[in-house]
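*Asks:* One structure is given below, represented as structure tokens, and several questions about it will come after.
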Amino acid sequence: MPFRFEDVASLSAGLRRVDYLADEGIAGVVYLADRLAKPVLIEGPAGTGKTQLAKSVAEVLGTRLIRLQCYEGLDEAKALYEWNYKKQLLRIQSDRSDQQDWGGLSEDIFSNEFLLTRPLLEAISAPDPVVLLIDEVDRVEVETEALLLEILSDYQVSIPELGTIEAVQIPLVFLTSNNTRELSEALKRRCLYLHVDYPDLLREKEIVLAKVPQITENLADQVARVVHTIRQIELKKAPSVSETIDWAKTLVLLGFSKIDERTTSETLNILLKYQSDINKVAKEFSTAGGVNL
Amino acid sequence: MPASHLPASAVATGDALLELLNGFVKELRDVGLAVSLTENLDALEAVKHIPIGDRQTFKTALATTLVKHYNHQQAFDTAFEVYFSLRGKQYDLGADGTADLLSELDDHEATNLQAAAGATENLSPEDLAAMLFDALQRKDPQMLKSVARSAVRLYAQMEPGRPVGGTYYLYRTLRNLDLDNVLERLLQQAQYEQGDLSEFDQRLLRDEYQQRIDQLQQEIEAEIRRRLVADRGAEAMAKTLRKPLPEDVDFMHASREEMASLRKAIYPLTRKLAARLQRKRRHGRKGPLDFRRTVRASLSYGGVLAETKFRNPKPHKPEIFVIADISGSVAAFARFTLQLVYAISGQFSKVRSFVFIDGIDEVTAYFEGAEDINQAVHRVNTEADVVWVDGHSDYGHAFEVFWERFGKDIGPRTSIMILGDARNNYHEAKSWTVKEMQSNARHVYWLNPEPRSYWDTGDSIVGEYAQYCDGAFEARNLRQLEAFVENLA
């Protein structure tokens, strides 16, 4: 099978074209995922672009993105496949008249025609090279996690009535986790691991410039710096990249061309979501230079 | 990027690399990372796809295949520095076998450095200071790197074979660079160039420069490490540099940096613990059979008891009393335990906390309604009335007062956690108080941050109290503490 990406640099450039600014680590891991045909497990704080990475990669490749949103109580029927029993019933009833023998019938109703594919099965039976995103995998119970293991390591699904369905092509798989619980060793072992953290100053500025086209370079730089400073303070919930972008958009809409202390404190509620955090940062900034004077 | 212009054929295979990687994996395992065999094979497979000149991607390849936990990243970084540090001739050490193999990679990086730095050999201190100032003012990581190199060459005066640690050289270098002063000068310069800066702008600027200075410091550390590795060999250095993982850091002996990493590690941990316990509750056992509802449900099956209904379980929610010694030696331990207990306070019907040194005070109110646990802890440390005579731990007196004032509140649903090293400064033990507590309470547990082998040595009398406890546990690090708290709920 041909590889999807030539090298790390071209992958980075491709992602940049769709406005995803990947650092070397991110691009390197995606590149390796393709070469080694292994899934990528992405962890990191909320709002740092974990899901977006999968979407952007799909966009770069120009392929479909198949998404499985995980939640507590997710089961086989929702993730892998399900028999379309209503259709099976209809089939049996329509057969009653012409007295077909049971053997023929049961072979008939447990065939592909009556199989409802769910995201995982769809991803591996797709004829085109798709991107599969398994979002927030930490939300499913530990037992359900085991459901993923077969598909992640061998790219196949076993259906008792039909046998094993092997992948036509190997999809590029991304799993994201918000780290609300420790994932099992078995799952981690099968994946490449990528920790996506808050970007550094320069990259965040570029992200803001890319996502908020009307913004001036000067303002973007200030935005990145203020957010960076806020992240240094010990908070309940540090501002995420998406919140930075929202903030930058707000500032542009309100027509600010420069940030000072007052604008910051007035618009803090876009960056921070807890009142205690807002108070803390406002206090921090109002006493900011005081020490130096 | 030093990467892509190397031919892709320069792919690393061969026994030397294999051996180097094996040593590296062994070191990771020695640090405490569980690297499985498949992961090891994955790493070997991954590096085949990487052009060897591309150091950054090489590191990514190893990290992504071998390290599956964010907290372990730092341990990985250190080991990587040691095993795959630059070992070219410019570090004037003989090449040991592996150095040849990686020399291509080295040369590449080295030319980059050289190019960025120009001729940096034989710089005078004045030149270096100017260069340092320049590098910090511009955002040029390559230049920072070369400044770090020159600074180490000029100031650290490293001698081959001399058995001193890296910190000694680091101190020597930093003292000569005088970075605090540089920061002030940078700010003044910015003030001068850009006219009036508001306090707000100053603050931002200071943060930015400070970050670059931290970066420089890391570069200097890395440079020193590289040279030490060159001098002493990877294995020996790896051993000296080995640091415990955050969950294994000893509370009693944590350095300032380790404390910071502990504080960072504890928040996600508490969140995880709370989520796990909640889930356990929800998916745990069912209650007893609900006969009435079962019969009601049978009506829809024509009276056949086809579907059984169960009562919702009423989980037992214990009441928790935390009694913590907050004298200097064990303060950090008390802090983390309180933080953990309050993080899962939803699992208990009530949590009350008491702190003592030689006097005792209830601090429950500080935590209730406090949005910020750090603030609550701060108030505990500053406001609680815990000194009776001289501010040296006196367990006996503290427990006696506790029993007199709060003993009547202890009921059969109360679990008591006592935190402390039981180093009683040779005061009277008064262990009857613990015995009384035990007879009234559901459980009494003792958590001791000292290793078990130190118990009952010197002025430690934990054994005397422990005879009246339902269990005495060693809780030296986050891993042990977490395990205990999880079992409690």
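The values are calculated or read from the model by the stated rules, or taken from the named source; none is laboratory data. Please read all numbers here as calculations on a predicted model, not as lab measurements. With ideal geometry, Cβ positions are generated from the backbone for all residues, glycine too; neighbour counts draw on all protein chains shown.
*Asks:* Anything in the stretch A:22-65 that is within 27 Å of A:THR180 (Cα to Cα) and of a type in the set (Val, Ile, Thr)? List them, or say none.
*Replies:* Scanning the stretch A:22-65 gives A:ILE26, A:VAL29, A:VAL30, A:VAL40, A:ILE42, A:THR48, A:THR51, A:VAL57.
*Asks:* Which residues, taken from the stretch B:55-68, are more than 15 Å from B:LEU17 (Cα to Cα), touching a residue at least 24 places away in the same chain (Cβ under 8 Å) and more than 7 Å from chain A (Cβ to nearest Cβ)?
*Replies:* B:LEU66
*Asks:* Would you kindly identify the strands (runs of 3 or more DSSP E) lying entirely within the stretch B:411-489 that contain at least 3 residues that are without any contact (Cβ under 8 Å) to a residue 40 or more places away in the chain?
*Replies:* B:443-448, B:471-474
*Asks:* Restricting attention to the stretch B:240-271, which residues are without any contact (Cβ under 8 Å) to a residue 60 or more places away in the chain, over 16 Å from B:HIS72 (Cβ atoms) and either among the basic types (Lys, Arg) or in contact with a Pro (Cβ under 8 Å, 6 or more places away or on another chain) (or both)?
*Replies:* B:ARG256, B:ARG263
*Asks:* Of the numbered conditions (1) within 10 Å of chain B (Cβ to nearest Cβ); (2) touching a Pro at 6+ places or on another chain (Cβ under 6 Å), A:VAL227 satisfies every one except a single condition; which is it?
*Replies:* It is condition (1) that A:VAL227 fails.
*Asks:* In the stretch B:423-437, which residue that is more than 24 Å from B:GLU486 (Cβ to Cβ), touching a Phe, Trp or Tyr at 6+ places or on another chain (Cβ under 8 Å) and of a type outside the set (Val, Ile, Thr) is surrounded by the most Cβ atoms within 10 Å (Cβ to Cβ)?
*Replies:* Out of the qualifying residues, it is B:ASN424.
*Asks:* Considering each residue of the stretch A:110-141, count those that are out of contact with any strand residue (DSSP E or B) (no Cβ under 8 Å at 6 or more places or on another chain) and farther than 19 Å from A:ALA33 by Cβ, and give that number.
*Replies:* Qualifying residue count, the stretch A:110-141: 7.
*Asks:* Taking the stretch A:213-223 only, how many residues are over 12 Å from B:LEU205 (Cα atoms) and assigned to a helix (DSSP H, G or I)?
*Replies:* Total satisfying the criteria: 5.
*Asks:* Now a separate question. If you check A:GLU141, A:GLU113, which single one turns out to be at pLDDT below 85 and closer than 30 Å to A:LYS237 by Cα?
*Replies:* A:GLU141
*Asks:* Among the residues of the stretch A:48-59, which ones are of a type outside the set (S, T, N, Q) and buried (at least 20 other Cβ atoms within 10 Å of the Cβ)?
*Replies:* Result: A:GLY49, A:LYS50, A:LEU53, A:ALA54, A:VAL57, A:ALA58.
*Asks:* For the structure I just gave you, tell me whether A:GLU261 is within 13 Å of another protein chain (Cβ to nearest Cβ), in contact with an Asp or Glu (Cβ under 9 Å, 6 or more places away or on another chain), under 30 Å from A:GLU145 (Cβ atoms) and among the charged types (D, E, K, R).
*Replies:* No: the conditions fail for A:GLU261.
*Asks:* For the stretch A:238-269, which residues satisfy the criterion of being more than 20 Å from B:ASP207 (Cβ to Cβ) and touching a residue at least 60 places away in the same chain (Cβ under 8 Å)?
*Replies:* Of everything in the stretch A:238-269, just one residue is more than 20 Å from B:ASP207 (Cβ to Cβ) and touching a residue at least 60 places away in the same chain (Cβ under 8 Å), namely A:SER242.
*Asks:* Condition test on B:GLY369, is it surrounded by fewer than 19 Cβ atoms within 10 Å (Cβ to Cβ), modelled with pLDDT under 75 and within 14 Å of chain A (Cβ to nearest Cβ)?
*Replies:* The answer is yes for B:GLY369.
*Asks:* I've got another one for you. Checking B:ASN40 against (1) assigned to a helix (DSSP H, G or I); (2) modelled with pLDDT under 80: exactly one of these is not met. Which one?
*Replies:* (2)
*Asks:* Filter the stretch B:201-218 down to the residues that are aliphatic (A, V, I, L, M) and within 27 Å of the chain's Cα centre (by Cα), then identify the one that is surrounded by the fewest Cβ atoms within 10 Å (Cβ to Cβ).
*Replies:* My answer is B:ILE213.
*Asks:* Same structure, new question: Any chance the stretch A:194-212 includes a residue that's outside any strand (DSSP E or B), more than 10 Å from chain B (Cβ to nearest Cβ) and loosely packed, with under 15 Cβ neighbours inside 10 Å?
*Replies:* There is no residue in the stretch A:194-212 that is outside any strand (DSSP E or B), more than 10 Å from chain B (Cβ to nearest Cβ) and loosely packed, with under 15 Cβ neighbours inside 10 Å.
*Asks:* Additional query: Hey, A:PHE256 hits all of (1) more than 9 Å from every other protein chain (Cβ to nearest Cβ); (2) in a helix (DSSP H, G or I) but one; which does it fall short on?
*Replies:* Tallying (1) more than 9 Å from every other protein chain (Cβ to nearest Cβ); (2) in a helix (DSSP H, G or I), A:PHE256 fails exactly one: (2).
*Asks:* Continuing with this model, one more query. Name the single residue that is modelled with the lowest pLDDT among those in the stretch A:265-289 being at the interface with chain B (Cβ under 7 Å from one of its Cβ atoms) and part of a helix (DSSP H, G or I).
*Replies:* Residue satisfying both the conditions and the ranking: A:GLY289.
*Asks:* Are there any pairs, at least 6 apart or on different chains, whose C-beta atoms fall under 6 Å, with the first in the stretch B:207-231 and more than 14 Å from chain A (Cβ to nearest Cβ) and the second among the polar types (S, T, N, Q) and in a helix (DSSP H, G or I), and if so, which?
*Replies:* Filtered contacts from the stretch B:207-231: B:ILE220/B:THR173.
*Asks:* Something else: Name the one entry in A:SER153, A:SER158, A:SER106 that is at negative phi, surrounded by fewer than 17 Cβ atoms within 10 Å (Cβ to Cβ) and outside the structural domain of A:ILE26 (by TED's automatic domain parsing).
*Replies:* The match here is A:SER106.
*Asks:* How about the stretch B:166-200: which of its residues are modelled with pLDDT under 75, of a type outside the set (D, E, K, R) and surrounded by fewer than 12 Cβ atoms within 10 Å (Cβ to Cβ)?
*Replies:* Matches in the stretch B:166-200: B:THR167, B:GLN194, B:GLY195.
*Asks:* I'd like to verify a number: residues in the stretch B:380-422 that are of a type in the set (Lys, Arg) and at pLDDT 85 or above, how many?
*Replies:* Residues in the stretch B:380-422 being of a type in the set (Lys, Arg) and at pLDDT 85 or above: 2 in total.
*Asks:* Just one of B:ASP361, B:ASP385 is more than 28 Å from the chain's Cα centre (by Cα), in a strand (DSSP E or B) and not aliphatic (A, V, I, L, M); which is it?
*Replies:* B:ASP361
*Asks:* With respect to B:ALA75, is the statement that it is in contact with a strand residue (DSSP E or B) (Cβ under 9 Å, 6 or more places away or on another chain) and either within 7 Å of chain A (Cβ to nearest Cβ) or more than 20 Å from A:ASP23 (Cα to Cα) (or both) true?
*Replies:* no
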